[in-house]
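Quick notes on the structure that follows.
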Amino acid sequence: MDSTSQMADFSESNFIQALSLGKTEKTPVWFMRQAGRSLPEYRAIRGVGSILDAVANPSLAAEITMQPVKRYGVDAAILYSDIIVPVHACGFGIDIIPGTGPTTDRPFEGESDLKRLANFDAKTDTGYVLSTIEILKKELEVPLIGFAGGPFTVASYLIEGKPSRNFIKTKQMMYTQPKLFESLLWRLTEITVDFLSAQAQSGVNAIQLFDSWVGALSPREYRRFITPCASEIFSSLSKFNIPMISFGTNTSELLGLFVEAGASAVGLDSNTEITTATKRLGDKVAIQGNLDPVVCLTSVDNIISQARQVLMDSAFAPGYVFNLGHGVLPETDPTKLVELVDFLHQNGEEIRKNERASATLANREEHIK
């Protein structure tokens, strides 16, 4: 169902304005994995079974999506879902094992396995996700972020059969069977376009492409295998005229390629300096990030101190959304994130403004080279 006519207008919100390189009254903030195990209210309603069972329950998924908005006062909600939802819905045979992650007993090994991804229609196979969006559009008072997994990251789970540190099987296929690897990437690209398009039609206000592990590739490898796929995803979504964020870890050398592929905003992990990213990307793309999630396990004073430095580093970003460099850790005390959000809303723009004002002309030129 196309419910875009029922969409609330969040175009003037701080979150959408920041991603659109507009003026913000407050520094917008949301946290990756902001809904989940760190919240006692999540644990109270989550129930047993796979996360995919919870995702398939629209009323439950909607409530979980809204929990961090109610608790933290963040400026955007992100859909409670998972990056393997589409390939699970295809019947590939992959599930999320608690304590392990996405796992399949029949990894992708050859041409015949493409048939296991042959049929996918987002409205039919993942209608529950779209129903969740419809509920949220009636309830939320902040923008809603839809998302999907990037081709490399999803492919790595299918090929490895489980989470991997070194992506040995994935890279072996890439090096020795490049045509097969490309066929898999393109099929995943088609699925991702369908899935994200359906989310956009249902009313999400922005999308994020989580190619979390694509930092395992060199720029040359990214250009060959991923740029065509990412370009297809972003160009297909451009007609919806919503911000499109690209995120991956260890991707400092790939940021320019994210933008070349069509991303309108780039999420940074904690190992990438915001000042470096701003210099590389110029004034045409928004920046999101990038407090180390581990910092949030320390004292509130230390969290605020580190957040202040992140804000200062972001002073010359043309559009800026505060976030972590990866997801909220399960051990995080939610009350500390409440204090962090309050600090950002009360002080964020003043800190960034003061940093710009105090910079010498030489420093300003250095920041925007």
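Computed quantities for the displayed model
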read-out: Packing rank of 95-108, 116-129, 26-39, where each peptide gets the mean count of other beta carbons within 10 Å, highest leading; value: 26-39, 116-129, 95-108
read-out: Paired Rg and Dmax values of segment 1-73, which use every Cα atom, in angstrom; value: 15.3, 44
read-out: Of all DSSP beta bridges in the chain, antiparallel share, percent nearest 5; value: 10 percent
read-out: Value of [θ]222 nm, deg cm²/dmol, for the chain, DSSP H segments ≥ 4, -39500 (n - 2.57) each, nearest 500; value: -14000 deg cm²/dmol
read-out: Choice from Lys115, Lys23, Lys279 showing the highest fluctuation, given a GNM over the chain with Cα pairs closer than 10 Å; value: Lys115
read-out: Cross-link partners of Lys239 among aspartates and glutamates (Cα-Cα below 20 Å; sequence separation of 8 or more within a chain); value: Asp2, Asp9, Glu12, Asp121, Glu190, Asp194, Glu260
read-out: Extent along principal axes [Cα atoms of segment 1-152; Å; largest to smallest]; value: 53, 33, 27
read-out: Interchain or long-range residues, amide H under 5 Å from Phe147's placed H; value: Gln208
read-out: Dipole in debye (nearest 20) - the chain, about Cα centre, beta carbon charges: Lys, Arg +1; Asp, Glu -1; value: 520 debye
read-out: Mean Cβ count within 10 Å, highest first, over the residues of peptides 303-310, 319-326; value: 319-326, 303-310
read-out: Set of lysines with alpha-carbon distance to Lys171 below 18 Å, sequence-local pairs under 8 removed; value: Lys162, Lys179
read-out: Spatially proximal lysines relative to Lys137 (Cα-Cα < 19 Å; intrachain offsets below 8 disregarded); value: Lys70, Lys123
read-out: Long-range HN-HN contacts of Asn290 with modeled amide H, under 5 Å; value: Asn323
read-out: Segment 4-368, relative contact order in percent, only Cα pairs under 8 angstrom and at least six apart counted; value: 20 percent
read-out: Rg/Rh for the chain, where both radii come from Cα atoms and Rh is the Kirkwood radius; value: 0.95
read-out: By average C-beta atoms within 10 angstrom, highest first, the peptides 203-214, 73-84; value: 203-214, 73-84
read-out: Whole-Hz ³J(HN,Hα) from phi, Karplus 6.51 cos²θ - 1.76 cosθ + 1.60, for segment 242-259, glycine and proline x; value: 10, x, 10, 9, 10, 9, x, 8, 6, 10, 3, 7, 10, 4, x, 6, 4, 5
read-out: Radius ratio Rg over Rh of segment 89-213, counting only Cα atoms, Kirkwood formula for Rh; value: 1.00
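Laboratory data are not the source of any read-out in this text; all were calculated from the coordinates shown. Keep in mind that this is a model prediction, so the values were computed, not measured. Methodologically, a virtual Cβ is constructed for each residue, glycine included, from the backbone with ideal geometry; neighbour enumeration extends over all protein chains shown.
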